[in-house]
């Protein structure tokens, strides 16, 4: 068990080191030598866990999705309505992008044109699948317009988040991401999605989420 624990610790350290280097340099410019040096292990130790840069980068993407999904579950539990749960999820993701290097690296890898060989589609499919039931619940509870299709909204919502985070990264290194994600709800999403008879009540971001 001790050997297995050490192996898992080394694997996690390699993924985190890769995330740091990938965030700094991008996928094409990152080498396994860079990652091994950052992790403080030999290249042989790295190859014991990952056979290629592609495999290591895909592990970063997978861990990013796992971290984000776990945090999202906690965030969703804070909302009392489906609408609030969706906004809490948005806030949690913005905070992760700001604070978690693995999340930043994983998201970057899924949008980087020089990384098309990676598993770029699966995380987006996963996010769309995860938010679709919440959107359907928001429609059912009367928060969102009844004429909306939950799957269509989800397939637009995730790209909207992606665009906001990419521009925030370029302009401020994600320093303003939380503010911009909440602005996305305030300015675009709530006006477009909220049911007409609920707009006075749900005109923007719930006060509890702003605190």
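No lab work stands behind these numbers, since they all come straight from the coordinates. Just so it is clear, the structure is predicted and the values come from calculations on it, not from any experiment. Here the Cβ is made from the backbone with ideal geometry for all residues, glycine too, and neighbour counts use every protein chain on show.
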Per DSSP H run of at least 4 residues, take -39500 (n - 2.57); add these up for the chain, divide by its residues and hand me the 222 nm value, nearest 500 deg cm²/dmol. -23000 deg cm²/dmol
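Restricting to Cα pairs below 8 Å that are 6+ residues apart, what does the relative contact order work out to for the range 57-209? Please round to a whole percent.
Numbers: 174 pairs, mean separation 36.9, N = 153.
The value is 24 percent.
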Cα long-axis angle, helix 53-76 against the chain (0 to 90 degrees, to the nearest 10): 30
Compare 164, 107, 187 in a GNM of the chain, Cα atoms joined below 10 Å, and give the one with the largest fluctuation. 187
Expressed as an acute angle from 0 to 90° and rounded to the nearest 10, what is the orientation of the C-alpha long axis of helix 150-172 relative to the principal long axis of the chain? 60
The list [x] 16.6, 50; [y] 19.1, 63; [z] 19.7, 57 gives values of Rg and Dmax of the Cα atoms in Å, and only one came from this structure; which label was calculated from it? [y]
Inter-label distance for residue 166 and residue 29, nm, one decimal - labels placed 7 Å from Cα along Cα-to-Cβ: 1.9
So, relative contact order of the range 58-118 in percent, Cα under 8 Å, 6 or more apart, is 43
Would you calculate the convex hull of the Cα atoms in the range 89-211 and tell me its volume per residue in Å³? 105
Return the whole-Å distance between the Cα centroid of the range 93-112 and the Cα centroid of the range 113-143. 16
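Just want to confirm a number: the relative contact order over the range 1-126, from Cα pairs under 8 angstrom separated by 6+ residues, in percent. Each step should come with its number before you reach the end.
On the way: 128 pairs, mean separation 38.2, N = 126.
RCO, the range 1-126: 30 percent.
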For the chain, the longest principal axis of the Cα atoms and the Cα long axis of helix 2-25 enclose an angle in degrees, to the nearest 10, of 70
